[in-house]
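The structure appears right after this line, and notes come after that.
The values are calculated or read from the model by the stated rules, or taken from the named source; none is laboratory data. These numbers were taken from a predicted model, which means no experiment stands behind them. Glycine gets a Cβ as well: all are built from the backbone with ideal geometry, and neighbour counts include every protein chain shown. These area figures cover heavy atoms from the full protein model, side chains too; ligands, DNA and RNA do not enter into them. Shrake-Rupley method; radii C 1.70, N 1.55, O 1.52, S 1.80 Å.
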Amino acid sequence: MQVGSDLTIPEGARLIEGDVVCAGFMDPWGSLGMNAAAVVDMGTNAATRATDGVDPYIDPWYRNRALAAGVTAVRVQAGMASVRGGVGAVLSTAPAADLESMILLRDSNAAAGLGLSSRGKAPDVFARIGAVDKLVGDINSGRDYSIVHAKYAREMEAWNKAIAEAEAKLEKDFKKAKKDRDKEIAEAKEDDKEFKEEKYKEDKLLKRPKLPKQDVEDAVMARVASGELPLVVTIHRAAEMRELLKGTAKFKRLRLVIAGGTEAEAVADQLAARSIPVIVRPIPLGANRPDEYSGHDLALAGRLADAGVRVLLGSSGGGSADLPLLATLAIGHGLDRDKALAALTTEVARTFDLSGELGSLRPGRRADLLVLDGEPLLPTTTVRYVLSGGRVLISPDSQD
Amino acid sequence: MHTNALLLASLAFVASAPTSASSSEGDALAIRAEKLHVGDGTVIENGIVVFEAGVITEVGKGAPVPKGVVLIEHAGHLSAGLIALREHAGAVGESNDSTRAVMDEADLSYAYRPNHSEVQGLLAEGITTFVLAPRPGSLVGGLCAVAKTGSEVISRRAYLSICTGANGLTSNRFPTSLQGSQAELERRFSWPRGVFATAVKGELPVMLDGGSSRTEVQHAIAFARRHGLKGILVGSTRLGEMAAKIRAAGLGVALSSYSPSTGRRVVEGAVALAEMQVPFGFALGSPNNHPANLRLTAAACIRGGLKSGEALKALTSTAARLAGVGDKVGSIQVGLAADMVLWSGEPTDPGSRVMAVYVDGDEVFRAEDDENGDDK
Amino acid sequence: MIWTSFLHAACLTLCAPPLQDAVVVEQPQEPEAPKAQPAVAPVVPVVPAADLRLHAERVYTGTGEILKNALIEVRDGKISSVRPGRSAPEGVLQVKAVTAGMIDLSARLHSNFNSVEQSTEVQPHLDVAGSVDLHDKRFARLARTGVTTVLVNPLDRNVIGGRGVALKTHGPMEVEARRLNGRPILRGAIGSEPSAANHAAFGRPTDFYSRRPTTRMGVEWEWRKAFFDAVAAKRLPEKDFPGAEDLREALAGKRTVMIQAWTTQDIRTAVYLDEEMQREGFGDLDLVIDAGAEAWKEPGILVRNSTIVVLPPHTAGGRVGSDGAFLAWNTASLLVGEGLTVCLSAHGAGPGSATLGHQAGFAMRGGLSFDQALAAVTSAPASVLGLSERLGTVHEGMDADLALWNGRPFAATSRVTGVLIDGVIVVDPR
């Protein structure tokens, strides 16, 4: 991709004209492209992979609506409401011929859910606090696991080196040792004595290091503790958030992301200081909302952004196509328009390590673009063209 | 023009500290807004509205501001207060007496609690008037009331609420079947007495919850035609598909709230109804739906093809007309109540926010000032 | 392809008068003007609405005849002629076999609990038409299996549920426009179903389910009481109740009484009820037993009462219904052998399940001859509905309700590939 004015158009390229071009929107908390049963599965664990639950044959209507609204990529998760959701993935919303071409990023994050209602009932207070402790404990054991495995790796390396040296030495001494042994056998025969084989004593230094216990869940948590995978925690209540922040403070390389965050204002200063992004769901919820959403307020995104917290906007699986509309609702309740646009593009890319591919218009990036007839996220603006991976998927003629 | 209600009639609750923007003591006030939406589709640039004692006295571009009247400049839009057509706010648990199938004389104005948080929550989203309706569950639920949010009831017998479809059935009292409910309704309306007689004469509109399926809606429309009933259809996302029949029957519609799963039918319905010129408004369905959902539904319909002006009409003047209070609220016209909302931008844009709300000339809500400035 | 033509056909029926563009419309051969006529230009007839011709290798008329290589002409929704021994003209729809559209008297297409008024157990006057949902996809699915007419009854949770309504599975989307006005049917049940939700009053908060009947004998008591009260109401107007008139019509034989009775004791109860009415001099019920699975155990009582039996669908183990009645494979042939009229039903099975055509096949496996099986799904149900002049057989003047098969009807390797209802191609075999 080339970006700039006064570019030369290559031979055979199609020229599309429009008023405004921006990067395609991304939903950091969605379910488009996933098998419905996988999304509500409560039996997932930390190692469950979202890519195992991707369904390339979902009803095209959902996909087309999302594209027409400008959403070109979605981060998906299995077990969105379960305690350990597993490893998520980022999918493209473009129609794909096969599974591989749908997946933009295979292992995007690990996930956990704390204090979420199941079947309409909220977990009790003690269970909730215990859950936070358990998560911190899991991260801890993940860190220990990575330490143990790193030690093992080093020991193996050292052992291999030592083995190689010993073998070389053995090779050198072999002829001499063989001669000596033959001489001893001959001598023993002469003396009519029994030849006792010298027992080969294994050099203690050359003992093979013991393989540490393998555990897939700990392996994932190890990647979380080392900062390789961001950990998206769906959490709403202030007390639990405080406990979580306190408990995870010691993991210096942990990258925490909060999803939901209904009461996140109470800990906004800590979130801002530790640069922990919050994925907010700016949807109006009525009286029958789940218990953890009790304090839900549409002004949350705006207030968090004002407090310096990095804000992302997500649909929580309720329809990625409506995300731009919900973004305007958040803007109407106090979120800065530029921050809203960033929440849908650059912040998502930054949080999930996609900045090299998506989220902004830079040369070398994947061509997920929107061509609009006005500033994005304004009511008067419509999305005219949507490109994904350079392919034009939505154009004014293709829409009804 | 304050009508006497039976509950807390004289107390108008104010949601924030009252400023000098109060005209009920007889002081006149004027507001000039960059864009003034009258409510019938016209927009006045730099329009001025003058109101005194809760009633609008002047509207226009160069409306003369009388001497001594405080003029408030608003850098944004002004429109009539929004109207939601089928609400249970503040009345959950009180608005459905399902022990009897027919509660024809039940008056919902007794269930109105103006200070309830659910009612006050409506003001923050610009909803100044709403129709308090019984929840579905009874065959004839009662008489709906039209209330000013946080203030008093302005119309006590706005609709007779009837559930002709499966919503009016329960499993433990008569009727448990559709044919049973139809038989009972036919009996009540063919030899009508009391409110039924008034409804048959066309003087009392009915709120028909036909149920969700197309067949049930068809039955409801045929039922209304058979007995010459006027009123609105509610409770179904399929109403848009029956637009022609609804027009032929002379009925109106209150569209259900938007949700990602049912939204497509609501949006397509709105566009179809507008095309067939069937008058429609929006039913928020509070408190199960958040007040912001009203404008979100309108925005989703606009995104699906409805014109912005049509959407605003559906939120204000058409809804007022359908509720039978079109001569009191719903547009910025001389003689109507001073129920207005000051917006930061287009009223139908969910990206614009409520800056202030006036009910009967009193400022009952003002947004917290934000120092970050405009969101343009 | 089937669906587009279904919609196409639906649109065509709704906007009249349509022309079947999918099929080459041929003018029927005009006879030459007789020479005695003066020199007048021959009148070219205007092609009437819904004109259609189809050619079948075999037409199973249902009257006992099998016509080979027949050309069927359909005009105005009726069969205008069936002429055997013709070759298929160019462009005319060709099929292997044609039977009359099948009729299911127990298709169970009601709206579940919304279709039965349970506030009292006896509701003879309520018509299930008020709760029929014509937009229900099950109608279209049944049409695809070759069932062109169904009897919709209320859910069998009441002792006397009310009036059933006979409908074709395709047609105008208003019940009153689509209903077939044959013989009125009064539906009820004897057995465990009507009392299933009822309970005794003590020990529990009461609702209107704390009432009789809670047992089979209570159910039977309700039936007898209903008839006794209806007759009493005639003499004593103050004892009148809604539905009394319907019950008196039933006693007079003007209304068919269709009673669901799965097990032997329930069938026996139903017949004894009829005989008691006769003994008391109240009248003679025109009785049809629905889901009479165990009718094979005591066919004698059915014969002496000339009761018609509708059999439920066969299952692999033989156990059917909630009472565990046993339906043998040879039940139909046994009953027909005794001289009874037997109808088969499939309880609304859609394509992919054991359809009505399959039930006929199973009955043949149990010993029924082909003609008897065909009658059991076409002409016999038509006569129960009182619509024998319109439905159930293929010949001139009957409604153009046809099932088009791709092989011998009811054979395991055959299925319905096309359906015509009122002359409209509802399912297109092409």
- prompt: Which is in the same structural domain as B:Ser286 (by TED's automatic domain parsing), of a type in the set (S, T, N, Q) and touching an Asp or Glu at 6+ places or on another chain (Cβ under 6 Å), of B:Ser161, B:Ser177, B:Ser190?
  reply: B:Ser177
- prompt: Of A:Ser146, A:Ser92, A:Ser82, A:Ser101, which residue is among the hydroxyl-bearing types (Ser, Thr, Tyr) and touching a Leu at 6+ places or on another chain (Cβ under 6 Å)?
  reply: A:Ser92
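Per-residue answers, yes or no, for (1) within 12 Å of chain B (Cβ to nearest Cβ); (2) open to solvent by less than 40 Å² (accessible area, probe 1.4 Å); (3) under 27 Å from C:Ala360 (Cβ atoms):
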site: C:Ser119; (1), (2), (3): yes, yes, no
site: C:Ser131; (1), (2), (3): yes, yes, no
site: C:Asp136; (1), (2), (3): yes, no, yes
site: C:Leu142; (1), (2), (3): no, yes, yes
site: C:Arg157; (1), (2), (3): yes, no, no
site: C:His170; (1), (2), (3): no, yes, yes
site: C:Glu176; (1), (2), (3): yes, no, no
site: C:Arg183; (1), (2), (3): no, no, yes
site: C:Arg187; (1), (2), (3): no, yes, yes
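Sort out which residues of the range B:153-183 are away from chain C (no Cβ under 11 Å) and open to solvent by less than 40 Å² (accessible area, probe 1.4 Å), and write them in order of number.
B:Val153, B:Ile154, B:Ser155, B:Ala158, B:Tyr159, B:Leu160, B:Ser161, B:Ile162, B:Cys163
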Residue under evaluation A:Asn160, criteria (1) closer than 29 Å to A:Gln214 by Cβ; (2) loosely packed, with under 11 Cβ neighbours inside 10 Å, criterion not met: (2)
message: Would you confirm whether or not the range A:372-385 contains a residue that is within 11 Å of chain B (Cβ to nearest Cβ), within 30 Å of B:His77 (Cα to Cα) and among the acidic types (Asp, Glu)?
response: yes
- prompt: Within the range A:60-93, which residues are open to solvent by 10 Å² or more (accessible area, probe 1.4 Å), assigned to a helix (DSSP H, G or I) and hydrophobic (A, V, I, L, M, F, W, C)?
  reply: A:Trp61, A:Ala68, A:Ala69
query: Consider B:Leu122 against the criteria (1) assigned to a helix (DSSP H, G or I); (2) under 19 Å from B:Asp209 (Cβ atoms): it satisfies all of them except one. Which criterion is unmet?
result: (2)
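Just to be sure, is C:Val419 at pLDDT below 95, within 18 Å of C:Thr145 (Cβ to Cβ) and buried (at least 24 other Cβ atoms within 10 Å of the Cβ)? Please lay out each step first, then the result.
Details: at pLDDT below 95: no; within 18 Å of C:Thr145 (Cβ to Cβ): yes; buried (at least 24 other Cβ atoms within 10 Å of the Cβ): yes.
No.
Quick one: would you say C:Ile72 is open to solvent by less than 10 Å² (accessible area, probe 1.4 Å) and closer than 19 Å to C:Arg390 by Cβ?
On the way: open to solvent by less than 10 Å² (accessible area, probe 1.4 Å): yes; closer than 19 Å to C:Arg390 by Cβ: yes.
Judged against the criteria, C:Ile72 is a match.
Counting only residues that are free of Cβ contacts under 8 Å to residues at least 24 places away in the same chain and either within 14 Å of chain A (Cβ to nearest Cβ) or surrounded by 22 or more Cβ atoms within 10 Å (Cβ to Cβ) (or both), how many does the range B:312-366 have?
Taking the range B:312-366 first, the residues free of Cβ contacts under 8 Å to residues at least 24 places away in the same chain are B:326-327, B:353.
Next, from what is left, pick out any that are either within 14 Å of chain A (Cβ to nearest Cβ) or surrounded by 22 or more Cβ atoms within 10 Å (Cβ to Cβ) (or both): B:353.
Adding up the residues that qualify gives 1.
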Residue within the range B:113-122 that is over 18 Å from the mean Cα position of the chain (by Cα), surrounded by fewer than 24 Cβ atoms within 10 Å (Cβ to Cβ), of a type in the set (S, T, N, Q) and within 14 Å of chain C (Cβ to nearest Cβ) present: no
task: Taking C:Arg268 as the residue in question, decide whether it is at pLDDT below 95, in a helix (DSSP H, G or I), open to solvent by 30 Å² or more (accessible area, probe 1.4 Å) and over 28 Å from C:Glu245 (Cβ atoms).
output: no
query: Given the conditions (1) within 12 Å of chain B (Cβ to nearest Cβ); (2) without any contact (Cβ under 8 Å) to a residue 24 or more places away in the chain, which single one is not true for A:Arg337?
result: (2)
- request: Scan A:Val125, A:Val90, A:Val132 and give me the residue that is under 28 Å from A:Tyr293 (Cβ atoms) and in contact with a helix residue (DSSP H, G or I) (Cβ under 7 Å, 6 or more places away or on another chain).
  value: A:Val132
message: If I ask for residues that are surrounded by fewer than 23 Cβ atoms within 10 Å (Cβ to Cβ) and more than 12 Å from chain B (Cβ to nearest Cβ), which ones from the range A:284-306 would you list?
response: A:Pro290, A:Asp291, A:Ser294, A:Gly295
message: I'd like to check which helices (runs of 4 or more DSSP H) are fully inside the range B:184-284 and have at least 1 residues that are within 14 Å of chain A (Cβ to nearest Cβ).
response: B:263-275
task: Please enumerate the residues belonging to the range C:102-114 that are within 14 Å of another protein chain (Cβ to nearest Cβ), farther than 17 Å from C:Ile259 by Cβ and in contact with a strand residue (DSSP E or B) (Cβ under 8 Å, 6 or more places away or on another chain).
output: C:Leu109
message: One residue is enough: does the range A:373-395 have a residue meeting the conditions at pLDDT 90 or above, closer than 30 Å to B:Ala367 by Cβ and not small (Gly, Ala, Ser)?
response: no
- request: Inspect the range A:353-367 for any residue being of a type in the set (S, T, N, Q), part of a helix (DSSP H, G or I) and surrounded by fewer than 24 Cβ atoms within 10 Å (Cβ to Cβ) and give the result as yes or no.
  value: no
query: If C:Leu126 passes every condition in (1) more than 9 Å from chain B (Cβ to nearest Cβ); (2) touching a residue at least 12 places away in the same chain (Cβ under 8 Å); (3) aliphatic (A, V, I, L, M) but one, which one does it miss?
result: (1)
task: Please find, among B:Gly93, B:Gly62, the residue that is closer than 29 Å to B:Asn115 by Cα and without any contact (Cβ under 8 Å) to a residue 40 or more places away in the chain.
output: B:Gly93
- request: Among the candidates C:Gly318, C:Gly281, single out the residue that is open to solvent by 20 Å² or more (accessible area, probe 1.4 Å) and on the phi > 0 side of the Ramachandran plot.
  value: C:Gly281
